[in-house]
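> So that we are looking at the same thing, I have put the structure below in structure tokens.
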Amino acid sequence: MSLPFLKRKHRLSDADSLPTFSRTPSPLPMSTYGLTKRGVRFFLLTTVIFLALVGLLYNNDVVSRYLSRRLPPLYEKYRQRELHLPHYKEYEKRKDIKYFWAANHAHSSGWGNVMQDFVMMGLLAHATGRSFVFNDYVWNPDGSQYSDYNGKLIPSRIPLSALLGGPMVGGEMPYGDNTPRAVAPGFFEKVCPNPTVLRVEDINDHYMRFDDGASATLVFDTWVKKINSVEDPCVKIDKNDIPIFEFWIFGNKNRMLPIWSHLKTSPIATHWGWSPLIHDAYQRNRHLFLPTPETSIAGRLLSSPSEEDYTRPIPGLLALHVRRGDFENHCQHLANWSSDWNAFNTFPEFLDKFDRPTDGGWGETSEKNMQMYIKRCYPSIEQIVEKVAAVRAASKDPLKYLYIMTNGAVSWVEELKKALADADSWDHVGSSRDLKLTWEQKFVAQALDMFVAQRAQVLIGNGWSSLTSNVVMLRMASGMSPDTNRFW
Ligand SMILES: *[C@@H]1O[C@H](CO)[C@@H](O)[C@H](O)[C@H]1NC(C)=O
């Protein structure tokens, strides 16, 4: 469409400069005025075309890979907004607002682990009636702007509001809940120049940290009592402290599941929200999750993007969480240590269960156990196809679309997509590798996958993955049927 214009432009400039063209008489009067006018018109046209091309190619993979040599985004707009939330003016004047800042937030690990920590700290702030002070999602706490990650630059820290929306980042609490809204650390430091600093080491004794009998609820209640005993409206945990809930608690169902009775009714879980940036990424790629059927105009209007209720499941979507890459080694490591699933992947009402082998050694295991771990943690294409067929057959709701959340290599993902499409008929099979994302969205894409997985009609997740378990927790909190949470 645009090429003829480009060609004409070239012909014109050739005619301008090359005398050979003067042999052919021009049908147009060669007045300076005419040429200038045409020149201007062509100049404008080509400018418009050039801009349109840039716009079109902006999301093209090849072009964005070229552009990715530029620096990662710093999400300044989000940071600025966090520093000027609408409730700050009022909170600054009020003396009755209390705050809780766990500055010892998890860092240098994947978003799944960091989110677990944020959930528990949000829950603690809410249970003690304090404003939750939200941290950045920090990869590297050394104060730098960018960090090297496997030879590629990533932001060292991302403002939490680029990932999340809702109460965790200062959104309103649900109606009737008078807990003060969340604030950013910058605001906390302004209103709390001399906070009471609590040390986790003083409170979490050996029993609370390591004993199988010490449930998360016991640790939680101990902290609620401790925080409630502090009169100071300003409470902070030192940034160098260990986490209140260390990672092994999240992997221990006996210790973790008791907290569910408290978490499931808390707005932290029931009103968990994603950022406008993630919602925009969802809209841009909606055809991958909810391919709109070619029906009547009325039908299309009803399913128009602007009317979509984000708290509802995505009808007909089966989401698969397929971890690849570093997980091959990781799954062997899990087998060698007979690791159990993440706690929120083990609700007793789930159809798929995992019986942790008890005959494993110390850092090694039998061949049989290893094969079992690989099948459930790092399934082959054949094993994936088989499981998908079984889950589809067992689903009460018809499943029509597949979306594969994966970090697998593009060629492997294409092979998997083909195998799935060959084995069964699907209206659409898409994957994370098909996503078209803006530069800012690229570095928070795991949140988009979570938003989609949270709302999929049925999910097949990885039992050892914290991303899966966070999603499953949110699905359970929103009242989706336990049968819709499946595992490899
Ligand atoms: C698992 O244990 C076996 C046997 O001790 C060892 O050869 C292998 O390297 C271990 N794998 C990982 C990932 O730790």
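> Exactly one of these conditions fails for ASP309: (1) crowded, with 19+ Cβ neighbours inside 10 Å; (2) more than 14 Å from the ligand (Cβ to nearest atom). Give me its number.
For ASP309, the failing item is (1).
> Please enumerate the residues belonging to region 218-240 that are surrounded by 18 or more Cβ atoms within 10 Å (Cβ to Cβ) and either part of a loop (DSSP other than H, G, I, E, B) or of a type in the set (Ser, Thr, Tyr) (or both). Working first, answer last.
In the first step, residues of region 218-240 are kept if they are surrounded by 18 or more Cβ atoms within 10 Å (Cβ to Cβ); the result is 219-220, 223, 227, 233-237.
The answer is PRO233, and nothing else.
> Can you name the condition, by its number, that GLN371 falls short on among (1) touching a residue at least 24 places away in the same chain (Cβ under 8 Å); (2) assigned to a helix (DSSP H, G or I)?
Evaluating GLN371 over (1) touching a residue at least 24 places away in the same chain (Cβ under 8 Å); (2) assigned to a helix (DSSP H, G or I) leaves (1) as the failure.
> Hey, does region 265-274 have a residue that's surrounded by fewer than 20 Cβ atoms within 10 Å (Cβ to Cβ), more than 19 Å from GLN116 (Cβ to Cβ) and out of contact with any His (no Cβ under 6 Å at 6 or more places or on another chain)?
Scanning region 265-274, I find no residue that is surrounded by fewer than 20 Cβ atoms within 10 Å (Cβ to Cβ), more than 19 Å from GLN116 (Cβ to Cβ) and out of contact with any His (no Cβ under 6 Å at 6 or more places or on another chain), so the answer is no.
> Scan region 394-412 for residues that are part of a loop (DSSP other than H, G, I, E, B) and among the polar types (S, T, N, Q) and jot them down. Steps first, answer last, please.
At the first step, the residues of region 394-412 found to be part of a loop (DSSP other than H, G, I, E, B) are 395-400, 407-409.
Listed by number, the residues that qualify are SER395, ASN407.
> Does region 319-328 contain at least one residue that is at pLDDT 95 or above and under 19 Å from SER478 (Cβ atoms)?
yes
> Okay, moving on. Would you check which residues across region 181-217 are in contact with a Pro (Cβ under 7 Å, 6 or more places away or on another chain) and not in a loop (DSSP other than H, G, I, E, B) and list them?
Of everything in region 181-217, those that are in contact with a Pro (Cβ under 7 Å, 6 or more places away or on another chain) and not in a loop (DSSP other than H, G, I, E, B) turn out to be ALA216, THR217.
> Please determine whether any residue of region 264-283 is outside any helix (DSSP H, G or I) and more than 21 Å from GLY122 (Cβ to Cβ). Break it down stepwise before answering.
Step one: filter region 264-283 for residues outside any helix (DSSP H, G or I), giving 264-266, 271-275.
Next, from what is left, pick out any that are more than 21 Å from GLY122 (Cβ to Cβ): none.
Among the residues of region 264-283, not one is outside any helix (DSSP H, G or I) and more than 21 Å from GLY122 (Cβ to Cβ), which makes the answer no.
> Only residues that are within 30 Å of GLU76 (Cα to Cα) and among the charged types (D, E, K, R): list them for region 418-476, please. Walk me through how you get there before you give the answer.
We begin by selecting, within region 418-476, every residue within 30 Å of GLU76 (Cα to Cα); these are 431-455, 466-468, 470-471, 474.
Within region 418-476, ARG433, ASP434, LYS436, GLU440, LYS442, ASP449, ARG455 qualify.
> Right, something else. Determine, yes or no, whether TRP426 is under 20 Å from PHE289 (Cβ atoms), surrounded by fewer than 23 Cβ atoms within 10 Å (Cβ to Cβ) and aromatic (Phe, Trp, Tyr).
Values: under 20 Å from PHE289 (Cβ atoms): yes; surrounded by fewer than 23 Cβ atoms within 10 Å (Cβ to Cβ): yes; aromatic (Phe, Trp, Tyr): yes.
Yes; evaluated as a whole, the condition is true for this residue.
> With the requirement that a residue be at pLDDT below 95, more than 16 Å from the ligand (Cβ to nearest atom) and either in contact with a Ser or Thr (Cβ under 7 Å, 6 or more places away or on another chain) or not assigned by TED's automatic domain parsing to the domain that holds LEU288 (or both), what does region 354-405 give you?
Across region 354-405, the qualifying residue is only ARG356.
> I would also like to ask the following. Could you count how many residues in region 391-415 are under 25 Å from HIS287 (Cα atoms) and more than 23 Å from the chain's Cα centre (by Cα)?
Selection size over region 391-415: 11.
> Scanning for something away from the ligand (no atom under 16 Å from the Cβ) and charged (D, E, K, R), does region 314-330 turn up at least one residue?
Looking for residues that are away from the ligand (no atom under 16 Å from the Cβ) and charged (D, E, K, R), one finds none in region 314-330, hence no.
> Right, here's the next one. Would you check if there is a residue in region 423-430 being in a strand (DSSP E or B), free of Cβ contacts under 8 Å to residues at least 60 places away in the same chain and closer than 26 Å to ALA445 by Cβ? Before the answer, list the steps.
Going residue by residue through region 423-430, those that are in a strand (DSSP E or B) are 428-430.
Still in the running and free of Cβ contacts under 8 Å to residues at least 60 places away in the same chain: 429.
When the remaining residues are screened for being closer than 26 Å to ALA445 by Cβ, the result is 429.
Looking through region 423-430, at least one residue is in a strand (DSSP E or B), free of Cβ contacts under 8 Å to residues at least 60 places away in the same chain and closer than 26 Å to ALA445 by Cβ.
> With respect to VAL235, is the statement that it is over 23 Å from GLY171 (Cα atoms), of a type in the set (Val, Ile, Thr) and in contact with a strand residue (DSSP E or B) (Cβ under 7 Å, 6 or more places away or on another chain) true?
On the way: over 23 Å from GLY171 (Cα atoms): no; of a type in the set (Val, Ile, Thr): yes; in contact with a strand residue (DSSP E or B) (Cβ under 7 Å, 6 or more places away or on another chain): yes.
So VAL235 does not fit the description; no.
> Looking only at region 331-353, which residues are assigned to a helix (DSSP H, G or I), under 21 Å from ILE384 (Cα atoms) and either more than 16 Å from the ligand (Cβ to nearest atom) or touching a residue at least 60 places away in the same chain (Cβ under 8 Å) (or both)?
Passing the criteria: CYS331, LEU334, ASN345.
The values are calculated or read from the model by the stated rules, or taken from the named source; none is laboratory data. Just so it is clear, the model here is predicted, and its values are computed rather than measured. Using ideal geometry, Cβ is built from the backbone for each residue, glycine included, and neighbour counts are taken over all protein chains shown.
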